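Heads up: the structure comes next, in structure tokens.
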Amino acid sequence: MKFGYEKLKQDGAARRGTITTAHGTIDTPAFMPVGTAATVKGMLPEQVAETGAQILLGNTYHLMLRPGAERVAELGGLHTFMNWDKPILTDSGGYQVMSLSKLRKITEEGVTFQSHVDGSRQHLSPERSIEIQHLLDADITMAFDECTPFPADEETAAESMRLSMRWAVRSKEAFQQRDGYGLFGIVQGSIYPELREESAEALKEIGFDGYAIGGLAVGEGQELMFQTLEKTIPHLPEDRPRYLMGVGKPPDLVGAVMRGVDMFDCVLPTRSGRTAQAFTRRGTINLMNARHAADPRPIDPDCQCYACRNYSRAYINHLLKCQEMLGPMLITRHNLHYYQELMAGMRSAIEQGALQQFAVNFEAQYTGGDIPEI
């Protein structure tokens, strides 16, 4: 089975397509739940699949530290290890090295850093990152890059981006071509259009199976993020998937799909579930609030997820106040279902040539406020 992307329909800049991998086909636009340490927090793999998710994200940095990529490989690879038989994308570890490591040194060779787990000295290079992802058996491997901090002046952003492009060459050379497996390059360049264009052109010359847009959703705000996407996406190939890394809130997803993005990942639906925040068609609500304590209605009356079919806001509010783990688990399950339903709604709208109206209706409802108190 050859790895590949097929565009089935286009509506404006938005695309409806499929990505074929060794472990199955992904319908796009797609949202990938984050399974950092080989698990989506608070969810069984079967429950994640029930939400409609077709692909998960695993984390190179965390898995190389615990339990170790070689051990995962000995145990049959990440799919077997975590009991997930669908596609998996692994990030390269670069972002976590920058964000979690207290002590790190970046050189042309790679990054030397101190593990946040046990303080041990570790080294991650493009070659080692690709090797780890191969050992994990990721369907989609990400090139090793430096995630440019924000804010950064243009000179700093340029130096960082060009280092990532040199690492991209080495990542491509280290990648082992196999049927059904793909390698994505990552466009960097902060908020500077000329740097984004330079990065995209460099990656196209190297040649990748897909193209990610990194270094966004790091504090620049939605307006700048959308402007950067509008300047970047026209330089990416039409026949390859486009992945916006680490995004985001529901309005971010809708706006990015309208600008031509195919894939997303974000910890928001799961992390928010652990802090009592639920995403609904009418915006975000905090289920710890007293207004929900006697409410017999579900999180979202229009939702058919497991949590909404079986449990009330009052019960979940009770669980949260008692610090029972079931509360965050139910909200997480709902949030992931909501995200997948949002993506399915956009796929359908693109097929019908109606994404613009979908976006108008979405915004009107999402900003309209929660259902009235009883």
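Every number here is computed from the coordinates shown, using simple stated rules; none is lab data. All values reported here derive from a predicted model rather than from experimental measurement. Note: ideal-geometry Cβ built from the backbone for every residue, glycine included; neighbour counts use all protein chains shown.
General remarks:
- In the elastic network of the chain, a GNM with C-alpha springs shorter than 10 Å, the most mobile of I206, I55, I331 is I206.
- Size descriptors for the range 1-82: radius of gyration and Dmax over Cα atoms are 15.0, 46 Å.
- Distance between the pseudo-spin-label points of T275 and E230 (7 Å out from Cα toward the beta carbon): 3.0 nm.
- For the pair E109 and R282 in one chain, pulling the backbone fully straight at 0.36 nm per residue adds 57.4 nm over the alpha carbon distance.
- Between Q177 and Q222, the FRET efficiency estimated from the beta carbon spacing at R0 = 41 angstrom works out to 0.65.
- Restriction of the GluC sites (Glu not before Pro) in the range 93-202 to DSSP coil positions whose beta-carbon has at most 11 other beta-carbons within 10 angstrom yields E108.
- Were the residues from A314 through Q357 laid out at 0.36 nm apart, the gain over their Cα-Cα distance would be 12.0 nm.
- Cα coordinate range in the chain, projected on the principal axes (Å, largest first): 61, 47, 44
- Sparse packing (at most 11 other Cβ atoms within 10 Å of the Cβ) combined with a DSSP loop state is found for the following trypsin sites (Lys or Arg not before Pro) in the range 59-114: K102.
- Residue of G119, G12, G189 that the Gaussian network model of the chain assigns the largest fluctuation, springs spanning Cα pairs under 10 Å: G119
- Formal net charge of residues neighbouring F81 (Cβ-Cβ distance under 13 Å; K, R +1; D, E -1): -2
- In degrees, nearest ten, helix 326-351 long axis to first principal axis of the chain (Cα): 70 degrees
- In the chain, the DSSP-assigned H stretches of four residues or longer account for a calculated mean residue ellipticity at 222 nm of -12000 deg cm²/dmol, using -39500 (n - 2.57) per stretch and the full residue count as denominator.
- On Cα atoms only, tilt of 193-206 relative to the major axis of the chain in degrees: 60 degrees
- Taking the inverse of the mean reciprocal distance over all distinct Cα pairs, the Kirkwood hydrodynamic radius of the range 39-178 comes to 15.9 Å.
- Helix axis angle, 355-366 relative to the chain longest principal axis, alpha carbon, degrees: 50 degrees
- 3J(HN,Hα) from dihedral phi, the range 113-127, Karplus parametrisation 6.51/-1.76/1.60, rounded to Hz, x for glycine, proline: 8, 9, 4, 6, 7, 10, x, 5, 7, 10, 9, 10, 10, x, 5
- Comparing T148, T60, T112 in a Gaussian network model of the chain, where Cα atoms under 10 Å apart are tied by springs, the biggest mean-square fluctuation is seen for T112.
- Links that overshoot a 24 Å alpha carbon limit, given the list K86/K204; K2/K204; K41/K86; K7/K86; K9/K231: K86/K204
- Kirkwood Rh, Cα atoms: Rg over Rh of the range 249-364: 1.01
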